[in-house]
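Comments concern the structure below.
Read-outs throughout are calculated quantities, based only on the coordinates presented, and are distinct from any laboratory measurement. Just so it is clear, the model here is predicted, and its values are computed rather than measured. Because the Cβ atoms are built from the backbone with ideal geometry, glycine has one as well, and the counts that use them run over all protein chains shown.
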Amino acid sequence: MTKNILVIGDSCRDQYTYCHADRLAPDKPVPVLEVHGLDMVPGMAKNVFNNLQRLKPGNKIITNSNWKEIVKNRYVDEKSNHMFFRVDSSESPEPINLNSVLEIITEYNYVIISDYDKGFLSEEDISIICASHPNVFLDTKKVLGDWALDARYIKINQHEADRSRQWIQSVDRDIIETRGAAGAVYKNRIYPVKKKVDVLDVSGAGDAFLAGLVMKFAEEKNIHSAINFANRCASSVVQHRGTTLIDL
């Protein structure tokens, strides 16, 4: 039986250290952080996968086995949700075993590449995966190049699109550019966020958008309704603090 969606990408542990900062240090003009709580959840590609599972179970992920040792630790004010700073561990994902991917990739209807450019996937790996499956949705932090040509759809945010603008303008590719509260753009058409919400935290919004996009496209085969649904998914998670899952 053909399975549903395969997620490929690098993962980490998202940690939120919630603090109170009621005074400055006497020796330096910096806030003294008093830790009051910790929240630890899977991040990056695992967050895409967990959102997919929330929407419709039955999917699979291929990611780095050492994801728990790769930590993004955000120090956040418990009252205001203001983030003071983020500390990332120096650990890196081990490179993907591409042969193991190619052995199973055709068993899945759709493939998501969630590439945070931490070393798990090279440009050549992505190129080979895209060439090996007709329905690859690519989300990457890399500057785009011809290695991405075989992806069916490319989803990137506005900052990433600006870095790759020259390549984007030189090719005819299906690129979906997310723009936060302004929604998304696809083929010069704007897909606005239909319901304005109070934004508490944008962490994981792109992951939720990607999961909703592919899940809805897999159901309806309509990219326009998929983008509108993805906007709803992103709007769902930004109303909560930390890395949270879609709740429609």
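I'd like the trypsin sites (Lys or Arg not before Pro) in the stretch 28-97 restricted to DSSP loop residues with at most 12 other Cβ atoms within 10 Å, sorted by number.
Lys79
Please compute the volume of the convex hull spanned by the alpha-carbon atoms of the stretch 1-73 and report it per residue in Å³.
For the stretch 1-73, the hull spanned by Cα atoms encloses 108 Å³ per residue.
Any idea what the relative contact order of the stretch 3-237 is, in percent, if you count C-alpha pairs under 8 Å spaced at least 6 apart?
Here the relative contact order equals 18 percent.
Report, to the nearest 10°, how far helix 45-55 tilts away from the longest principal axis of the Cα atoms in the chain, using its own Cα long axis and a range of 0 to 90°.
Approximately 80 degrees, to the nearest 10.
Tabulate in residue order the Karplus-calculated ³J(HN,Hα) for the stretch 154-160, using 6.51 cos²θ - 1.76 cosθ + 1.60 with θ = phi - 60°, rounded to whole Hz; enter x for Gly and Pro.
So the J values, rounded to whole Hz, are 10, 10, 9, 8, 5, 4, 5.
Determine the alpha carbon to alpha carbon distance for each of Lys68/Lys142; Lys28/Lys141; Lys68/Lys155; Lys56/Lys195; Lys56/Lys155; Lys79/Lys195 and list only those over 30 Å.
Values: Lys68/Lys142 23 Å; Lys28/Lys141 36 Å; Lys68/Lys155 26 Å; Lys56/Lys195 23 Å; Lys56/Lys155 21 Å; Lys79/Lys195 26 Å.
Over 30 Å apart, Cα to Cα: Lys28/Lys141.
For the stretch 3-237, what is the largest minus smallest coordinate of the Cα atoms on each principal axis, given in angstrom and ordered from greatest to least?
Extents along the principal axes, in whole Å: 60, 40, 37.
Within the set of other residues whose C-beta is less than 14 Å from the C-beta of Ala161, count the net charge using Lys and Arg as +1 and Asp and Glu as -1.
+3
If one takes the longest principal axis of the Cα atoms in the chain, at what angle in degrees, from 0 to 90 and to the nearest 10, does the Cα axis of helix 223-237 lie?
For helix 223-237, the angle is close to 20 degrees.
According to the Cα gyration tensor, what semi-axes, each the square root of 5 times an eigenvalue, does the equivalent ellipsoid of the stretch 1-123 have, listed from largest to smallest in whole Å?
37, 16, 9
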